[in-house]
Amino acid sequence: MVGMANGGRPMNQIGREKETQMILFTRGNPAEEALPIGDIIDCANAVFRREGKILFQYGHYSGYAPLREWIAQRFGVLPERVLMGNSSMEFLSFVAALMMKPGDTVFVESPSYDRAITAMRRSGVRVVGIPLERDGVNVDLFKKALQRSVPKIFYLIPDFQNPSGVTTSLEKRKEIVRLAQDYGFYIVEDSPYRYLRYRGTALPTIRELMPDRVLHISSFSKILSPGMRVGFVLLPADLAPQFHKWSEDTYIHPVLPTEGIVNEYCRRGLLDQNIERLKALYRPRMEEMLSALAQYLRGVQYIEPDGGYFISIHLPGEVDGHSLWKHCRDFGIVLTDGRGFFPDGGGEHFLRLPFSALTPEEIEEGIRRLAKAIDHYRR
């Protein structure tokens, strides 16, 4: 007879926790082998010798000019529309400070990136979630929400969304643009995963559909290195001056040495090569997770992404999702609490499963363990 521990957990399962290597289904980190350390060192040595007196001195509040110019050329905008920052997350605080005041309304996808929700709430705004479907937000519910309250901004991740993996369809992108034009709100388009497409055809960004009302945020964290903390935002012409001034008044300028390394890396033509290498690395991991889900979790609904870092699943109603999250370590896995992704409550039955930093073998074993945990917590 198997003894039971607190919470109805089998004691022999708990005993195995110490013997089992934990498989982390938590943060969306790049794989260690994804980081091109050798090339980064070469670029750092070269640019520090050539531009060290510039990079290690006070600089321009908008960021390292050569990198801003490279980004501007890549996206077909003027350099003054490009603002560099210490990762893309930082720009969410800029948006909150410059475009909103306490009591204003912000729309986000539901589920949405938990740190974005937190950044908005810190400014005292009301964060409203618009339910997400397999091809983007539910447009009918979006329209009903607009009738109740018009937001200052709508924040979304249209490509391989964090946490769901959903990509917003072209039809819905166009409808979101039309609604923004009709109601006069801005769109914050967060695009860290866009280049990591493993299948299908790229869709136009929302900025490309409506450049005058979209703040397009991105970074080099997922396609080069998160540790260098280099992000950028493409700004509408009417917002650019105040954002650049806010950057100056906040910290004089962002970190220049890492921007110099990134610029050197890009100017050598290495970035696109690295993106192709990353796609070859991550595609089999996504496919392995989809295969394992089909094998071990039959009948469970999940999103099949075309790129990015994440696959999400919705647990059946009879599964005690909160207990599953709370006691998942007993089964040799670590999960993120799904409730943090939902601004209006819920999320107990939502699981975000990152595959980027796990080997195919770890993914298969992790999903097998997850299936056992789900079976254990069926009511």
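General observations
- Built amide H within the under 5 Å cut-off of Gly307, gap 5+: Tyr198
- Derived scalar couplings between HN and Hα for the range 288-295 equal 5, 5, 4, 5, 5, 4, 5, 7 Hz in order, rounded to whole Hz, by the Karplus curve 6.51 cos²θ - 1.76 cosθ + 1.60 (θ = phi - 60°), x for Gly and Pro.
- For the chain, the tally of Lys pairs with Cα-Cα distances below 18 Å comes to 11, considering only residues 8 or more apart or on different chains.
- Radius 12 Å from Cβ of Arg49, net charge of other residues (Lys, Arg +1; Asp, Glu -1): -1
- Counting only alpha carbon atoms, the long axis of helix 170-183 and the longest principal axis of the chain meet at about 60°.
- Amide H contacts of Ser219 (H built 1.01 Å from N, in plane; Pro and chain starts excluded): Phe232 sit under 5 Å, all sequence-distant by 5 or more or on other chains.
- Placing +1 on the Cβ of every Lys and Arg and -1 on the Cβ of every Asp and Glu, with nothing else charged, gives the chain a dipole about its Cα centre of roughly 440 debye.
- A cut-off of 5 Å between modelled amide H atoms, ignoring neighbours fewer than 5 places along the same chain, links Arg126 with Gly103, Asp104, Thr105, Val106.
- For the range 256-262, 3J(HN,Hα) per residue [Karplus equation, 6.51 cos²θ - 1.76 cosθ + 1.60, θ = phi - 60°, Hz, x = Gly/Pro]: 8, x, 6, 5, x, 5, 4
- In sequence order, the range 111-123 has phi-based couplings of x, 9, 4, 4, 6, 5, 4, 4, 4, 5, 5, 4, 7 Hz under the Karplus curve 6.51 cos²θ - 1.76 cosθ + 1.60, θ = phi - 60°, and Gly or Pro positions carry x.
- Candidate values (1) 20.1; (2) 17.8; (3) 25.0, label of the one derived for mean projected area of the Cα convex hull in nm²: (1)
- Heavy-atom accessible area order for Met228, Met22, largest first, 1.4 Å probe: Met22, Met228
- Ranked by the mean number of other Cβ atoms within 10 Å per residue, highest first, peptides 150-158, 94-102 order as 150-158, 94-102.
The values are calculated or read from the model by the stated rules, or taken from the named source; none is laboratory data. Quantities reported herein were computed from a predicted structural model and do not represent experimental measurements. When we count neighbours, we look across all protein chains shown, and the Cβ atoms used for this are built from the backbone with ideal geometry, even at glycine. We work out accessible area using only protein heavy atoms, side chains counted, and drop any ligands, DNA or RNA first. Shrake-Rupley method; radii C 1.70, N 1.55, O 1.52, S 1.80 Å.
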